[in-house]
């Protein structure tokens with residue numbers, strides 16, 4: 001590169017290694033070819049360089065493949081230059097990137113798989129010649145996003161509407177919110193006259209649809225009549241619709257309680273205890289009035305931490321529209337009351353009612369993470385051994401279901417409270433009993449990956465697992481682990497063994 005605008009400024013060096021750490025040379029009137037290999041093939045620079053900002057210069061070039069060797073980069077900003085050609089696929093291997101700015105250049109072709117860069121939260125690609133679909137990104141992770149004035153095609157995927165229209169305009173073949181152009185449900189077809197065959201076919205569909213509609217009406221009427229006849233049944237023929245269950249927020253709990261639905265949908269003012277005297281006399285209204293902290297939220301359930309006036313700390317789960325036959329609920333209640341483990345949070349009370357209306361994260365050292373991993377795997381193994389024949393699994397084991405007591409010991413919450421129809425049909429919870437036990441083991445695996453990487457698993461942990469696999473396959477296993485573990489001196493051999 002040739003410098004035409006004065007002395008070099010904007011270089012930050014590491015005082016210990018004396019190597020370049022940051023390069024900020026925006027608007028420095030540099031001109032010429034940018035050679036990534038010259039910058040990133042020097043081992044001392046590649047190992048320490050975390051930020052490169054060359055915005056608003058006159059740099060050009062078509063080969064950025066070697067930029068991947070600067071694997072510690074968190075900021076890569078080369079907007080407002082004359083770069084051209086396709087973006088290299090290796091760009092998606094800069095796993096630590098947080099900010100990527102390639103705007104106002106002449107890049108063409110499709111974007112690399114940016115979904116592999118899990119920490120990316122600012123992306124600017126406006127005013128290029130990029131084509132193809134926008135990657136299936138998790139837009140909730142992004143603070144700023146702009147791909148306007150390119151040649152992208154297809155849909156703006158779910159979550160893109162959290163950004164304004166200006167982030168996507170200038171792409172004629174792009175559709176969907178927040179753009180005014182809506183995506184067609186099917187390709188437009190030239191209007192033609194309806195043939196006799198089509199008339200007969202449509203008539204058949206109409207008759208079939210009408211028949212199905214009438215059958216549904218009859219079934220609904222019959223069901224309504226059956227419900228009226230069964231109103232007087234207390235527990236034998238009714239259905240249980242739990243609104244919430246609660247478990248005492250303490251390891252080593254010796255008693256567990258689950259209450260039942262009351263007659264004719266009426267709500268008891270007290271929580272009905274089975275074997276635990278500790279919740280006797282606790283009013284349902286007391287729970288509603290007590291201070292509550294939101295711990296987690298799902299499609300049909302919400303978990304709160306509630307501190308009662310009596311000093312008890314409870315984890316309260318509110319479940320919406322969960323219908324299970326009474327006999328199944330009784331069996332489940334009885335078995336869960338019989339099986340206890342100090343590191344599995346048991347339900348202690350149950351109540352039904354019509355709909356009512358984090359703790360700060362803590363960084364754990366390696367020994368704490370090992371202890372958590374060992375404790376939850378032992379606890380889950382115990383529950384599986386005791387409840388395997390009954391087919392009762394957790395079905396939705398994830399890190400948000402692992403609660404810590406006052407001694408910072410982990411407890412598995414919500415065990416046995418996830419039914420097949422309680423979550424989205426595409427989720428891992430909608431599986432058979434045997435597969436559900438295996439899904440619990442998969443869930444533990446995702447939690448272990450979270451402990452190792454320091455990243456949060458999303459979409460049932462599939463994205464995190466795929467990311468780890470891709471990094472390991474590239475023989476960059478050391479890049480998987482949480483940097484804080486490496487800094488504290490955790491044995492990389494031990495980390496690899498756990499992985």
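Go through the range 400-428 and count every residue that is at pLDDT 85 or above and under 15 Å from the mean Cα position of the chain (by Cα).
Residues flagged as at pLDDT 85 or above and under 15 Å from the mean Cα position of the chain (by Cα) within the range 400-428 amount to 0.
Give the range 393-414 a look and list any residue that's surrounded by fewer than 22 Cβ atoms within 10 Å (Cβ to Cβ) and part of a loop (DSSP other than H, G, I, E, B), or say none.
Listed by number, the residues that qualify are 398, 405, 406, 407, 408, 409.
Go through 351, 362 for me and flag whichever is crowded, with 21+ Cβ neighbours inside 10 Å, in the same structural domain as residue 414 (by TED's automatic domain parsing) and modelled with pLDDT under 75. It would help to see each step written out before you state the result.
Values: 362 fails: crowded, with 21+ Cβ neighbours inside 10 Å.
Testing whether each residue is crowded, with 21+ Cβ neighbours inside 10 Å, in the same structural domain as residue 414 (by TED's automatic domain parsing) and modelled with pLDDT under 75 leaves just 351.
For the range 93-122, which residues satisfy the criterion of being over 20 Å from the mean Cα position of the chain (by Cα) and under 22 Å from residue 456 (Cα atoms)? Talk me through it step by step, then tell me what you get.
Restricting attention to the range 93-122, the residues satisfying the condition of being over 20 Å from the mean Cα position of the chain (by Cα) are 93-94, 99-112.
Listed by number, the residues that qualify are 93, 94, 99, 100.
Can you tell me which of 154, 85, 79 is under 25 Å from residue 60 (Cα atoms), surrounded by fewer than 16 Cβ atoms within 10 Å (Cβ to Cβ) and outside the structural domain of residue 465 (by TED's automatic domain parsing)? Even if it seems obvious, please write down each step before you answer.
Details: 154 fails: under 25 Å from residue 60 (Cα atoms); 79 fails: surrounded by fewer than 16 Cβ atoms within 10 Å (Cβ to Cβ).
Testing whether each residue is under 25 Å from residue 60 (Cα atoms), surrounded by fewer than 16 Cβ atoms within 10 Å (Cβ to Cβ) and outside the structural domain of residue 465 (by TED's automatic domain parsing) leaves just 85.
What tally of residues in the range 64-76 results from selecting those that are surrounded by fewer than 20 Cβ atoms within 10 Å (Cβ to Cβ), outside any strand (DSSP E or B) and in contact with a strand residue (DSSP E or B) (Cβ under 7 Å, 6 or more places away or on another chain)?
So the answer is 1.
List pairs: first residue in the range 341-358 and closer than 18 Å to residue 410 by Cβ, second residue in a strand (DSSP E or B) and at pLDDT 55 or above anywhere in the structure, Cβ distance under 6 angstrom, at least six positions apart or on different chains.
Between residues of the range 341-358 that are closer than 18 Å to residue 410 by Cβ and residues that are in a strand (DSSP E or B) and at pLDDT 55 or above, the close pairs are 343/411; 344/412; 345/411.
In the list 28, 19, which residue meets the criterion of being surrounded by 15 or more Cβ atoms within 10 Å (Cβ to Cβ) and more than 21 Å from residue 97 (Cα to Cα)? Explain how you work it out, then say what you get.
Working: 19 fails: more than 21 Å from residue 97 (Cα to Cα).
Within the list 28, 19, the selection yields 28.
Quick check: is even one residue across the range 119-132 modelled with pLDDT under 90, surrounded by 19 or more Cβ atoms within 10 Å (Cβ to Cβ) and outside any loop (DSSP other than H, G, I, E, B)?
Checked the range 119-132: no residue is modelled with pLDDT under 90, surrounded by 19 or more Cβ atoms within 10 Å (Cβ to Cβ) and outside any loop (DSSP other than H, G, I, E, B).
Where residues in the range 302-318 are crowded, with 16+ Cβ neighbours inside 10 Å and more than 28 Å from the chain's Cα centre (by Cα), which of them is nearest to residue 416 (Cα to Cα)?
Result: 312.
The values are calculated or read from the model by the stated rules, or taken from the named source; none is laboratory data. Just so you know, these numbers come straight off a predicted model, no measurement behind them. Every residue, glycine among them, receives a Cβ derived from its backbone with ideal geometry; neighbour counts consider all protein chains shown.
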